[in-house]
Amino acid sequence: MGGSGLMRAARFNGAGEPLTVQDVAVPRPAPDEVLVRVAATGLCGSDVHIAVEGITPTAFVPITLGHEIAGTVAAVGDAVDGWTVDQRVCVFPVLSDGTCRSCLTGHGEICLDRRIVGIHAEGGLAEYVAVPARNLAAVPDGVPLEQAAVCTDAVVTPFHALTDVARVAPGESVAVIGAGGLGLHAVQIAALSGASPVVAVDTRPAQLERARRSGADVVVDATGESVVDAVRAATGGVGVDVAAEFVGAQATIAQAVECLRTGGRAVVAGLGADPITVLPPTSFVRRQLQLLGSYGGTLVTLHRVLQLLATGRLDLSGSITHTFPLADADAALRTLHEKSGDPQRVVVLPG
């Protein structure tokens, strides 16, 4: 922090404007908060929706973006117990009130007063960030902080979608529509859950090859063949038990539903502005299909993911393809948006 009490932060001032790295005051943690010295902050599609596309508004501007955060404890608030300085931590990004019906039933991810770090509160594209102590998770020994940062959203989101919402069971067939940063982790999670076959769908050859290495039994190039026909062919003509969509587009959501077997379920985790249009009710109802939305995850889910990572069951060694220093945060964001160099996960290293 230094004697000046200042730190460097990449500030967002408005959609379409570049992030600017500025000196700002180091946050002072409230009694129930912890000050985290940021080592790594992942970027994801939500940041592109905010800063480049203007789809997602922030609570205020200027604001520091970044919701996939890991680092070490720098200071603790007066009312905080259980956390010590220099302890390795990552930040669960959903700020919930803990008192609404959703929270009381274990679904803080859909808290009625939900806020997100880096969207409604200052985020992690900075040297320090202050967050509620209840949003911290300890990072197990041996887990790199860059991977822990990515876990908080890019892994938790597909894990929650497949295991908590769609409830994939061993032996069920799964199609992953969109093998990007979230979808590639979904492929690995589906395989880890015992799904068979796991079918990955994308338009980019590099992503399809990554999906194959991540555990996909079949890959489908959506530019060269009918997605629905290819998925059905991979399942003996019947369709998949679960289709997970990570694009957030009308066409791919429709594909996910059309890929289902009778009685199947589609889970949508992709965020986009298009309305959802699927099969006519005469087909949707008679086939008894389910269309599910899935948002983020829970702190419990994050703990489960970190444990899988710590024991080597989950392998994120190839997930992070690009890293940037804080001074180049805007270039990092553009790399993700423009898909320069076929990025999977892009991480900024403020530390």
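The values are calculated or read from the model by the stated rules, or taken from the named source; none is laboratory data. Since we're looking at a predicted model, the values are computed, not measured. All Cβ positions, glycine included, derive from the backbone under ideal geometry; neighbour counts span all protein chains shown. Calculation scope for accessible area: heavy atoms of the full protein, side chains included, ligands and nucleic acids excluded. Shrake-Rupley method; radii C 1.70, N 1.55, O 1.52, S 1.80 Å.
Of all the listed residues (V231, V240), the sole one being closer than 30 Å to S317 by Cβ, without any contact (Cβ under 8 Å) to a residue 60 or more places away in the chain and of a type in the set (A, V, I, L, M) is V231.
Here T163 meets each of (1) part of a loop (DSSP other than H, G, I, E, B); (2) hydroxyl-bearing (S, T, Y); (3) closer than 16 Å to V267 by Cα with one exception, condition (1). Taking the listed residues L306, L302, L333, the one that is assigned to a helix (DSSP H, G or I) and in contact with a Ser or Thr (Cβ under 8 Å, 6 or more places away or on another chain) is L302, with no other qualifying.
Looking across region 280-327, the residues that are surrounded by fewer than 18 Cβ atoms within 10 Å (Cβ to Cβ) and on the phi > 0 side of the Ramachandran plot come down to Q288, G312.
Among residues of region 116-136 being small (G, A, S) and open to solvent by 10 Å² or more (accessible area, probe 1.4 Å), the one that is farthest from H303 (Cα to Cα) is A121.
For T64, indicate whether it is among the polar types (S, T, N, Q), within 22 Å of A154 (Cβ to Cβ), at pLDDT below 95 and open to solvent by less than 70 Å² (accessible area, probe 1.4 Å). So T64 fails the test.
For (1) in contact with a strand residue (DSSP E or B) (Cβ under 7 Å, 6 or more places away or on another chain); (2) open to solvent by 20 Å² or more (accessible area, probe 1.4 Å), each residue gets a yes or a no:
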| position | (1), (2) |
| --- | --- |
| R212 | yes, yes |
| V220 | yes, no |
| V228 | no, yes |
| A244 | yes, no |
| V247 | yes, yes |
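Checking the structure you have, find out if any residue of region 263-279 is surrounded by fewer than 16 Cβ atoms within 10 Å (Cβ to Cβ), farther than 27 Å from E109 by Cα and not small (G, A, S). The answer is no, given that none of the residues of region 263-279 is surrounded by fewer than 16 Cβ atoms within 10 Å (Cβ to Cβ), farther than 27 Å from E109 by Cα and not small (G, A, S).
Residues in region 190-210 that are among the acidic types (D, E) and open to solvent by less than 30 Å² (accessible area, probe 1.4 Å): 1 in all. Tell me whether region 137-146 contains one or more residues that are assigned to a helix (DSSP H, G or I) and either touching a Cys at 6+ places or on another chain (Cβ under 6 Å) or crowded, with 19+ Cβ neighbours inside 10 Å (or both). Looking through region 137-146, at least one residue is assigned to a helix (DSSP H, G or I) and either touching a Cys at 6+ places or on another chain (Cβ under 6 Å) or crowded, with 19+ Cβ neighbours inside 10 Å (or both).
Can we say V85 is more than 30 Å from G14 (Cα to Cα) and buried (at least 23 other Cβ atoms within 10 Å of the Cβ)? Against the criterion (more than 30 Å from G14 (Cα to Cα) and buried (at least 23 other Cβ atoms within 10 Å of the Cβ)), V85 does not qualify. Among what's in region 17-50 and is in contact with a Pro (Cβ under 9 Å, 6 or more places away or on another chain) and part of a loop (DSSP other than H, G, I, E, B), pick the residue that is most open to solvent (accessible area, probe 1.4 Å). Per the criteria, the residue is D32.
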